[in-house]
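Comments concern the structure below.
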Amino acid sequence: VSPCEWQGQKSGSRWPAKTDPSPVPSDGSTIQSVTPSQIYEWKGPEPNVPLTPETDTRIPAEQKWYNLTGSLVSVKVEDDGDITLVLKDADDKKAGSVNAEIPVGPEWCDLRKLVFGWTTQSFPFSFKASQKLELREQHVITVTGKALFDVDHAPADRSNRRTKPKKYSVWEIHPVMALHVDQ
């Protein structure tokens, strides 16, 4: 309907964790700076860690805050209303793409307006499963949020490698709580 309003929104797996509204810590020293290739090298949770699509809480590894900096290579909208930002290293020398997701909700409205402003998308629009948006502006950005291991995209061995698309991390930043345009 608009950057901040979504009709037909459904809640996906781990929805309470994915829409955790915790504010960004005021003490910046508690936020670790990372690149997409660094997250791509992380390991997945051990098999004994109880993590399923029904797990509503964040596991200990998902409690940490990160500033993820990278080149924005694509933006898409998912059927749950999330905006997915795909980031790669700004220098593009190392492999690994990481998703950073912005949910629907009043706490994310300004971020959603900003990102939709980088695209050619007009409103209202509809689609079936997900839709890649055409970017009119490329940016290097820093998103701030907690890491989330997206079990829906994890292989059976819980490694940090999606089977589709290739060279994508299962770990992502979800939800994005702050965004800064670096260039």
- Message: Under a Cβ-only charge scheme (Lys and Arg +1, Asp and Glu -1), can you give me the dipole magnitude of the range 35-91 about the Cα centre, in debye to the nearest 20?
- Response: 240
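Considering only DSSP states other than H, G, I, E and B, which GluC sites (Glu not before Pro) in the range 46-112 qualify as loop sites with at most 16 other Cβ atoms within 10 Å? Don't skip to the answer; put the middle values down first.
Numbers: sites: Glu54, Glu62, Glu78, Glu101, Glu107; in loops: Glu54.
When the GluC sites (Glu not before Pro) of the range 46-112 are filtered for loop state and at most 16 Cβ neighbours within 10 Å, Glu54 remain.
Would you work out if the range 110-166 is rounded, prolate or oblate? Take a ≥ b ≥ c from the square roots of the eigenvalues of the alpha-carbon gyration tensor; rounded if a/c is under 1.5, else prolate when a/b is larger than b/c, oblate otherwise. List each step's numbers first, then the result.
Details: a/c = 2.39, a/b = 1.64, b/c = 1.46.
Prolate is the answer for the range 110-166, as a/c is 1.5 or above and a/b outweighs b/c.
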- Query: Taking a point 7 angstrom from the Cα of Lys43 along the C-beta vector, which residues in the range 121-158 have backbone N less than 15 Å away?
  - Reply: 157-158
- Task: Taking the Cβ of Gly145 as the centre, find all other residues whose Cβ is under 11 Å away and add up their charges (Lys, Arg: +1; Asp, Glu: -1).
- Result: -1
- Item | Rh (Kirkwood; distinct C-alpha pairs) - the range 1-82, Å | 15.6
- Distant-in-sequence amide H partners of Ala178 (H built 1.01 Å from N, under 5 Å): Thr144
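Report Rg/Rh for the chain, rounded to two decimals, where Rg is the Cα radius of gyration and Rh the Kirkwood radius. Before the final figure, lay out each step's value.
Values: Rg = 15.4 Å, Rh = 16.5 Å.
Using only Cα positions, Rg/Rh for the chain is 0.93.
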- Item | Between the range 114-162 and the range 29-81, the alpha-carbon center distance in angstrom | 13
- Message: About the Cα centre, and with charges only on the beta carbon of Lys, Arg (+1) and Asp, Glu (-1), how big is the dipole of the chain? Nearest 20 debye, please.
- Response: 520
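With both bridge residues required to lie in the chain, what share of the DSSP beta bridges run antiparallel, to the nearest 5%?
Values: 31 of 37 bridges.
Approximately 85 percent, going by the DSSP bridge assignments.
For the range 80-183, with all protein chains present and a 1.4 Å probe, just round the carbon and sulfur fraction of the accessible area to a whole percent. Write out the running numbers ahead of the final one.
Numbers: 2370 of 4880 Å².
Solvent-exposed carbon and sulfur of the range 80-183 make up 49 percent of the total.
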- With +1 on each Lys and Arg Cβ and -1 on each Asp and Glu Cβ, how big is the dipole of the range 2-78 about its Cα centre, in debye rounded to the nearest 20? 120
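The values are calculated or read from the model by the stated rules, or taken from the named source; none is laboratory data. Here the structure is a predicted model, which is why all the values come from computation and not from measurement. Counting neighbours? That spans all protein chains shown, and the Cβs are built from the backbone with ideal geometry, glycine included. In case anyone asks, the SASA skips ligands and DNA or RNA and just uses the protein heavy atoms, side chains included. Shrake-Rupley method; radii C 1.70, N 1.55, O 1.52, S 1.80 Å.
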